[in-house]
Amino acid sequence: MKNQDCELVLKMTEQLVQAVRGENMEEIAQTLETRRQCLERLCGPGVALMPAQKKLLARAAELDRQVLADTQALLERYRKDIGAYEAKSKNLLLYQNSRFDLSQGQLMDRKR
């Protein structure tokens, strides 16, 4: 079971890299849950790993660092996208309000 779990952790980590790069949130969640279950079995009390198993998990740890970097970059991009969207929404609202004021024959000085 340990060998299968080690191989599955590595496979899930590789899938996680692809899911993050593809921005597939559902796949990211499913992959993380499967990985978590495998790691819980591997890290349970009294579990001793063989060198080959340790090597597989070390590779998974390297990929984890890559996933973390990719995820941070994705989140930063989302933050920028959200900020740009909020700015556009605010500008659109101000524009619509100013047009409404002008259509009513009123020119109001608004705080921006």
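Pairs of Cα atoms under 8 Å, at least six residues apart: use those to get the relative contact order of the chain, whole percent.
On the way: 59 pairs, mean separation 34.3, N = 112.
Reported relative contact order: 31 percent.
Straight-line reach only, C-alpha to C-alpha below 15 angstrom: list the aspartates and glutamates that Lys11 could link to, leaving out same-chain residues fewer than 8 apart.
Lys11 reaches Glu27, Glu33, Glu62, Asp64.
Label Asn24 and Arg59 with points 7 Å out from Cα along Cα→Cβ: what is the distance between them in nm?
With each label placed 7 Å out from Cα toward Cβ, I get 2.1 nm.
For the chain, set up a Gaussian network in which alpha carbons nearer than 10 Å are linked by springs, and say which option among Leu94, Leu42, Leu57 fluctuates the most.
Leu94
Over the chain, with a Gaussian network built from C-alpha contacts below 10 Å, which listed residue (Lys55, Lys88, Lys80) shows the highest mean-square fluctuation?
Lys88
What FRET efficiency, computed as 1/(1 + (r/R0)^6) with R0 = 41 Å and r the Cβ-Cβ distance, is obtained for Asn91 and Cys43, rounded to the nearest 0.05?
Calculated transfer efficiency: 0.20.
Laboratory data are not the source of any read-out in this text; all were calculated from the coordinates shown. Keep in mind the model is a prediction, meaning the values are calculated, not measured. As a convention, Cβ positions derive from the backbone with ideal geometry for all residues, glycine included, and neighbour counts pool all protein chains shown.
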